[in-house]
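Below is one structure, written out as structure tokens; comments come after it.
Just so it is clear, none of the values below were taken in a lab; they were calculated from the coordinates. Just so you know, these numbers come straight off a predicted model, no measurement behind them. Glycine also receives a Cβ, built like all others from the backbone with ideal geometry; neighbour counts cover every protein chain displayed.
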Amino acid sequence: MRGWGLAAAVGLMVVSTSGVMAKDRQGYLAAGEGVNLATILPGPPTPGSPRALADARAFRDSRALRGMARWQQATADVSSDVGARFADALGFRPDWTKLPLTRALLARFDADRSAAIRMAKAHWQSPRPFIGSDLPICEPRTPGLIANGDYPSGHTAHGWGFALIMAELLPDRANALLARGRDYGDSRWICGSHSQSAVEGGYMAASAVYAREHGNAAFRRDMAAAAEELARYRAPKTASPR
């Protein structure tokens with residue numbers, strides 16, 4: 001188990017919105033300033049507990065969705081390209097080359113989010129629900145996926161963090177964005193890649209990091225700049241005079 005946990009800590013890789021590895025980007029928080037999810041989250045359920053049994057039942061029962069529309073959506077939601085996956089909720093598909101401030105903000109937030117998740121996964125070292133089962137999941141069972149711990153779900157936190165930030169920047173789209181963020185996270189247990197409790201942990205993890213970021217002056221400044229950038233991006237384009 002210790003060897004598996006070490007592999008989880010080393011193997012965690014999360015793609016940021018910009019397509020750059022989050023771990024290669026500098027976040028807003030210096031070492032020691034980030035949230036300690038091991039003290040904030042409840043952690044994975046104890047084996048054999050009612051919650052653990054409920055997780056196992058949810059994994060087993062949701063395999064019946066294979067081939068259905070919700071399974072297909074979960075398969076598509078394996079993508080970390082939140083700009084594309086959240087396009088309907090945003091009301092547009094963002095061209096990040098024209099939104100450099102927003103792109104940089106999201107990448108820096110995701111670096112802090114990824115660091116917090118990485119430490120939490122190494123702390124709990126919980127196996128994913130499909131391990132030890134031959135039941136189908138909606139993505140390949142790669143060595144990297146197997147080595148990357150279940151709790152908390154970094155993929156869920158990635159999507160929920162994006163939803164929280166964009167809901168603040170685009171308040172007129174907040175309801176749609178937050179609903180999509182929850183749906184994006186639920187895709188992880190429907191896929192079978194994560195347990196339901198790990199998905200819930202992912203929501204809480206992203207919310208904790210998001211709250212902590214607001215205590216950072218650079219984050220607040222970049223949020224204000226991104227809001228202005230998005231307002232210009234979304235402004236109606238006037239036709240050129242002939």
**Request:** With springs connecting C-alpha atoms under 10 Å apart, model the chain as a Gaussian network and identify which of S114, S197, S133 has the largest mean-square fluctuation.
**Result:** S133
**Complete:** Distance in Å, no decimals, from the C-alpha centre of the stretch 107-170 to the one of the stretch 34-92 is 9 Å
**Prompt:** Going by the alpha-carbon gyration tensor, a ≥ b ≥ c the square roots of its eigenvalues, is the stretch 78-194 rounded (a/c under 1.5) or, if a/c is not under 1.5, prolate (a/b greater than b/c) versus oblate?
**Reply:** prolate
**Request:** Using +1 at the Cβ of each Lys and Arg and -1 at the Cβ of each Asp and Glu in the stretch 35-171, identify which of T97, A147, F109 lies farthest towards the dipole's positive end.
**Result:** A147
**Prompt:** Roughly how tilted is helix 2-11, in degrees to the nearest 10 and between 0 and 90, from the longest Cα axis of the chain?
**Reply:** 20 degrees
**Complete:** the stretch 76-132: Kirkwood hydrodynamic radius (Cα pairs, Å) comes out at 13.8 Å
**Item:** On Cα atoms only, tilt of 154-169 relative to the major axis of the chain in degrees
**Value:** 30 degrees
**Message:** About the Cα centre, and with charges only on the beta carbon of Lys, Arg (+1) and Asp, Glu (-1), how big is the dipole of the chain? Nearest 20 debye, please.
**Reply:** 260 debye
**Prompt:** Given the Cα-Cα distance of D88 and D172 and 0.36 nm per residue of separation, how much length would full extension add, in nm?
**Reply:** 28.9 nm
**Item:** Degrees separating the helix 50-62 axis from the principal Cα axis of the chain, which is the longest one
**Value:** 70 degrees
**Calculated P(r) tail over 24 Å for the chain, as whole % of Cα pairs** = 45 percent
**Fill in**
In Å, the Kirkwood hydrodynamic radius from C-alpha pairs for the stretch 15-157 sits at 17.2 Å
